[in-house]
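Report on one structure; see the data block that follows.
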Amino acid sequence: MSGPAEASQDDTLMQRVAEGDSVAFEMLMRRNMRRALGIAQGVMGNAGDADEIAQEAFMRVWQHARRWDPDQAGFATWFYRIVLNLCLDRKRKPQWSNIDDMPERADTESLLAPEVIAQKEERKAVALALEGLSERHRAAISLFYFQGLSSKDCAQTMNLKPGAFGQLLLRARQAIKAELQKSGLIEERTAS
Amino acid sequence: MTPELFQSLLDCYGADLSRWPDDQQSAAGHFLRQSPQAKTAVDQALALDQLILAAAPAVSDARAEAACRAVLAQTRSLPQSPAWLGWNWAPGGLTYAGLFLLGGLGNVLTRLFSEESPIDLLFSSNLLTPFGG
């Protein structure tokens, strides 16, 4: 998850939330909202659904705070599970619109127009590859790559054994690679 | 570490060895320093890593703030659920409820196939509990 100190602070805040402390809830939410939005958007593929899911997740944190058991899981694991479950519960096909939501690279202004176009095309191809994945595969990519969680934390969040998470990530990565090879973005000989 | 294991870990976790499982990092680093082929494979994996990372969703401060405000507006009037409303009790509770219903059903079926009349079933004192007691 985040660093041990940050995780400990989150756990302390969560304990106060469970006692009905609304100030602690606000602090906890401000510390974790960006990540909740990022995880949800990584799985759902669009900002609208991600916003709804992140907000719903925090409503549940407030409402069901007393269900959190620190002996079973830290706040981060418990909370990311809520976010992921809300994503996976949404059965409708995600409406991918993340090309416009994607960050422009910092050096974009210094690039020549053809390079900007090429960069956008690359991201569009990756977005299409992600769209072809199942929600669980996108969840693995979202947690491990987009949020930078360790494989151990990802496995815990997804309620999987580390080996099973590794297999999920491997299949997701292979599927993306195959799509990008089809679109010519990476060469066939690219090993991984 | 064998070349096959190195490649399979690379295929799974990407080019950044610090993100591989803790118990593999040291051996993988040693293998990488020894093998030019491993270096080439890591460079190729890095290209894919960078493409994936470039697709990470952007979340602006303003958007996160707006989402926080939306939640706060709704939680002001939202009470917290008591802990006992959690679902930890559900498996045990459902088991007991199922046994209770099975007992009742068994009692009714026994009576239906016995020689007692339906009116006895309705007024029989042994239907006061599902187990006939």
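Taking the conditions exactly as written (within 11 Å of chain A (Cβ to nearest Cβ), over 20 Å from A:Gln167 (Cβ atoms) and out of contact with any helix residue (DSSP H, G or I) (no Cβ under 6 Å at 6 or more places or on another chain)), does B:Gln44 satisfy them or not? Judged against the criteria, B:Gln44 is a match.
Pull out all pairs, ordered by first then second residue, where Cβ-Cβ is under 6 Å, the residues are six or more apart or on different chains, the first lies in the range A:59-71 and is more than 9 Å from chain B (Cβ to nearest Cβ), and the second is of a type in the set (Val, Ile, Thr) and part of a helix (DSSP H, G or I). Short answer, once both residue conditions are applied: A:Arg60/A:Ile82. Of the helices (runs of 4 or more DSSP H) lying entirely inside the range A:82-192, those carrying at least 3 residues that are modelled with pLDDT under 95 and away from chain B (no Cβ under 13 Å) are A:113-131. Which of (1) surrounded by fewer than 17 Cβ atoms within 10 Å (Cβ to Cβ); (2) in contact (Cβ under 8 Å) with a residue 24 or more places away in the chain is the odd one out, the single condition A:Ile141 does not satisfy? Result: A:Ile141 fails condition (1) only.
Filtered by the rule that a residue be facing another protein chain (nearest Cβ under 10 Å), aliphatic (A, V, I, L, M) and over 15 Å from A:Val83 (Cβ atoms), the range A:14-55 gives A:Val17, A:Ala18.
When B:Ala15 is tested against (1) part of a loop (DSSP other than H, G, I, E, B); (2) free of Cβ contacts under 8 Å to residues at least 12 places away in the same chain, exactly one condition is not met: (2). Confirm whether B:Asp49 is among the acidic types (Asp, Glu), at the interface with another protein chain (Cβ under 7 Å from one of its Cβ atoms) and part of a helix (DSSP H, G or I). Considered against the rule, which asks whether it is among the acidic types (Asp, Glu), at the interface with another protein chain (Cβ under 7 Å from one of its Cβ atoms) and part of a helix (DSSP H, G or I), B:Asp49 comes out as no. The sole residue among B:Gln24, B:Gln7, B:Gln37 that is facing another protein chain (nearest Cβ under 8 Å), assigned to a helix (DSSP H, G or I) and either loosely packed, with under 12 Cβ neighbours inside 10 Å or in contact (Cβ under 8 Å) with a residue 12 or more places away in the chain (or both) is B:Gln7. In the range A:11-28, the residues that are over 16 Å from B:Cys68 (Cα atoms) form Cβ pairs under 7 Å with partners that are charged (D, E, K, R) and assigned to a helix (DSSP H, G or I), at six or more places apart or across chains, as follows: A:Ala18/A:Arg66. Being at pLDDT 95 or above and either under 31 Å from the mean Cα position of the chain (by Cα) or under 21 Å from A:Ser151 (Cβ atoms) (or both): is that true of B:Ser77 here? No.
The values are calculated or read from the model by the stated rules, or taken from the named source; none is laboratory data. Just so you know, these numbers come straight off a predicted model, no measurement behind them. Please note: Cβ atoms are built from the backbone with ideal geometry, for glycine as well, and neighbour counts cover all protein chains shown.
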